[in-house]
Amino acid sequence: MLQPKQKITVYIFCIATIIDLISIATNSQLLHYMVKPLLMPALMVLLWLTVSKVHNKSLLLTGLFFSWLGDILLLFENRHTLFFILGLISFLTTHIFYIIYFLKIRPKQTSLFKKYRFLPALVAMYGITLTWQLFPHLGNLKIPVVVYAAVICCMLLCSIHIYNRVNNNAAICYITGALAFVISDSLLAINKFYTAFPYSGLLIMLTYCAAQYFIVQGYIKHKT
């Protein structure tokens, strides 16, 4: 059950997300520049206000911080390629902290991979197929994008790995968040490197915000 301050923070995040989506739909760049930097701090406050016996909250907070940094950098990606590269590094760092967080969850239950051994191959196949399609269009960013794809697929695998190791509500939130992150980054990569498609900005931002929100909700619902 969320406390009053947490509920207020959730409302702020949801309102900011809606406003940002409107700014993208209406091509209001100034509004987008004003609202997007508020999204991750709202989730950081929500996480910080959460009192829990679950360890390693700082790993998620650090991941959200680097996501916020990435959000800022990607606002200026059209000005110079360096901003995109630095944004990529920031989000890569986010995924590394999320991976560490998931791997530090060590309860008694066995991994979901023990029951469904095909899951790692399925995720790997998706990552390889997407990268293969994008590879001829990546130019000088081939290595960074390949590394990023490998890391985000690893993050998704780690969230699946702990499915049986936390309560059901937390597990669903963690996996939903990780999967939404993969979808968001996949859409971004396809739109940027392969072919632009309608409503790409809306879909990318919607899945990104959902990803971060569900990962934070995973922590909130996680019981020791």
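The values are calculated or read from the model by the stated rules, or taken from the named source; none is laboratory data. Computed from a predicted structure; not experimentally measured. FYI the Cβ positions are ideal-geometry reconstructions off the backbone, even for glycines, and counts take in every protein chain you see. Calculation scope for accessible area: heavy atoms of the full protein, side chains included, ligands and nucleic acids excluded. Shrake-Rupley method; radii C 1.70, N 1.55, O 1.52, S 1.80 Å.
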Inset, instruction - Under 16 Å Cα to Cα from Lys142, which lysines show up? Leave out anything in the same chain fewer than 8 places away. - result: Lys192
Inset, instruction - Quote the accessible area belonging to Asp20 in square angstrom, nearest 10, computed with a 1.4 Å probe and with ligands, DNA and RNA left uncounted. - result: 0
Legend entry - Accessible area of Val146 in the full protein assembly, 1.4 Å probe (Å², nearest 10): 60
Inset, instruction - Would you compute, from DSSP H runs of 4+ residues alone, the mean residue ellipticity of the chain at 222 nm, taking -39500 (n - 2.57) per run and dividing by the full residue count, rounded to the nearest 500? - result: -25500 deg cm²/dmol
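Under a 1.4 angstrom probe, counting protein chains only, how are Tyr33, Tyr148, Tyr126 ranked by accessible area, largest first? Numbers along the way, then the final one.
Values: Tyr33 65, Tyr148 25, Tyr126 105 Å².
Order by accessible area, largest first: Tyr126, Tyr33, Tyr148.
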Legend entry - Mean Cα-pair separation over length for the range 74-161, i.e. relative contact order, pairs under 8 Å, 6 or more apart, %: 41
Legend entry - Estimated distance in nm for a label pair at Val51 and Thr195, the labels positioned 7 Å out from Cα along Cα-to-Cβ: 5.5
Inset, instruction - Pop out the carbon and sulfur fraction of the accessible area of the range 103-183 as a percent, whole number, probe 1.4 Å. - result: 68
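Can you list the trypsin sites (Lys or Arg not before Pro) in the range 1-91 that are in a DSSP coil and have 16 or fewer other beta carbons within 10 angstrom?
Taking the range 1-91 and a limit of 16 other Cβ atoms within 10 Å, the loop trypsin sites (Lys or Arg not before Pro) found are Lys53, Arg79.
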Inset, instruction - Using the charge dipole of the chain (Lys, Arg: +1 at Cβ; Asp, Glu: -1 at Cβ; taken about the Cα centre), state which of Leu119, Ser90, Pro37 has its Cα farthest towards the positive end. - result: Leu119
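Counting alpha carbon pairs within less than 8 Å and at least 6 residues apart, what relative contact order, in whole percent, applies to the chain?
Working: 273 pairs, mean separation 47.7, N = 224.
It rounds to 21 percent for the chain.
If you place +1 on the Cβ of every Lys and Arg, -1 on the Cβ of every Asp and Glu, and leave all else neutral, what size is the dipole of the range 74-224 about its Cα centre, to the nearest 20 Debye? Walk me through the intermediate numbers first.
Details: 12 positive and 2 negative charges, 144 e Å.
Dipole size: approximately 700 debye.
Subtracting the Cα-Cα distance from 0.36 nm times the residue separation, let me have the gained length for Phe76 to Ala25 in nm, one decimal. Mind dumping the intermediate values first?
Details: separation 51, 0.36 × 51 = 18.36 nm, distance 1.85 nm.
The span from Phe76 to Ala25 would gain 16.5 nm if fully extended.
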Legend entry - Stretch gain in nm, segment Lys223-Lys115, where the contour uses 0.36 nm per residue and the Cα spacing is subtracted: 36.6 nm
Legend entry - Student exercise, the range 81-167 dipole from Lys, Arg, Asp, Glu Cβ charges, in Debye to nearest 20: 520
Legend entry - Percentage relative contact order, the range 1-77, counting C-alpha pairs under 8 Å, at least six apart: 33
Legend entry - By accessible area with a 1.4 Å probe, ligands and nucleic acids excluded, highest first: order of Phe83, Phe181: Phe83, Phe181
Legend entry - Per-residue SASA entry for Ile100, accessible area with 1.4 Å probe, Å² rounded to 10: 60
Legend entry - Gained length - Ser58 relative to Leu202, 0.36 nm times residue gap less alpha-carbon distance: 48.9 nm
Legend entry - Highest-first arrangement of 129-139, 38-48, where packing means the average Cβ count within 10 Å: 38-48, 129-139
Legend entry - Note, ³J(HN,Hα) from phi for the range 57-70, Karplus 6.51, -1.76, 1.60, rounded to Hz, x at Gly and Pro: 4, 4, 5, 5, 4, 5, x, 5, 4, 5, 5, 4, 4, x
Legend entry - Cross-link pairs beyond the 25 Å C-alpha cut-off, checked among Lys7/Lys57; Lys57/Lys114; Lys53/Lys114; Lys5/Lys223; Lys5/Lys221: Lys57/Lys114; Lys53/Lys114
